[in-house]
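This structure is in structure tokens; I'll ask about it shortly.
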Amino acid sequence: MNPKETWPLYEKLAQAIQEGLVASCHDCSEGGLGVALAEMAFGGGAGIWIDLRKVPMAWVLSKEGRTDKVLFSESNGRFVVEVVPSAERKFSALMKGLNVGPVGEVQTTKTWSLNVLESAWRGGLNP
């Protein structure tokens, strides 16, 4: 992405962090959205529910309707931000006009063991 296009996002995100609106934040540069979400889940010990159709620019990343492009496209200028629940309105107001939006939420109920998922992630594609 063009740094001139992403600069306003960086400025507003830095402001949101300084104001305590952000619980956690992860870039999508190594492994894309899917890896960023997994690493955040492992780090926080919680699950994540996400609607890939709501990912900003998902239609550009996946012109063929392939969710793998949405999940694993690596690029700078893209972040997953966990917003402090009581600060959602203030965060949204601060980000107004930027290509951001809510795509999911933290889940406290577990359907898969995070330990099993993290082991698979760390082990890679070993048989």
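The numbers here are math on the coordinates, done by the rules we state, and not lab data. All values derive from a computational prediction rather than experimental measurement. Cβ sites come from the backbone with ideal geometry, for glycine too, and all protein chains shown count toward neighbours.
Provide the FRET efficiency to the nearest 0.05 for the A14-E64 pair, computing r from the beta carbons and using R0 = 25 Å.
Numbers: r = 35 Å, r/R0 = 1.40.
It comes to 0.10.
Starting from the Cα gyration tensor of region 3-109, take the square roots of the eigenvalues, sort them a ≥ b ≥ c, and report rounded, prolate or oblate (rounded when a/c is under 1.5, otherwise prolate if a/b is larger than b/c, else oblate). Could the numbers behind the result be given before it?
Values: a/c = 1.63, a/b = 1.14, b/c = 1.43.
Cα axes put region 3-109 in the oblate bin.
In degrees between 0 and 90, to the nearest 10, how far off the longest principal axis of the chain does helix 114-123 point, with axes built from Cα atoms?
Value to nearest ten degrees: 80.
Taking H as built 1.01 Å from N, whose amide H comes closer than 5 Å to the amide H of S73, not counting residues under 5 places away?
L33
Let's see if you can work this out: charge +1 on each Lys and Arg Cβ, -1 on each Asp and Glu Cβ, no other charges. What is the dipole magnitude of the chain about its Cα centre, in debye to the nearest 20? Please list the in-between numbers first.
Values: 13 positive and 14 negative charges, 67 e Å.
So the dipole magnitude of the chain works out to roughly 320 debye.
Picking from N99, L21, N76, whose Cα lies most toward the positive end of the charge dipole for the chain (charges on Cβ: Lys, Arg +1; Asp, Glu -1)?
Positive-most Cα among the choices belongs to N99.
List the residues, sorted by chain then number, that are 5 or more residues from V103 or on another chain and whose placed amide H is less than 5 Å from its amide H.
Counting only residues 5 or more places away or on other chains, the set is empty.
Please compute the contact order of the chain in relative form: average sequence separation of alpha-carbon pairs under 8 Å and at least six residues apart, divided by the residue count, as a percent. Please report the intermediate quantities before stating the final value.
On the way: 142 pairs, mean separation 48.1, N = 127.
After rounding, I find 38 percent.
Continuing with this model, one more query. Give me the net charge of D27's neighbourhood, meaning all other residues with Cβ under 12 Å from the Cβ of D27; Lys, Arg count +1, Asp, Glu -1. Walk me through the intermediate numbers first.
Numbers: positive: R78; negative: E30, E39, E74.
It works out to a net charge of -2.
While we're on this one: Using the alpha-carbon atoms, what tilt in degrees (0 to 90, nearest 10) does helix 32-44 show relative to the longest principal axis of the chain?
It works out to around 80 degrees.
On to the next question. Could you check the simple spin-label distance between E30 and N99, using points 7 Å along Cα→Cβ, in nm with one decimal?
Going from the E30 label point to the N99 one covers 2.5 nm.
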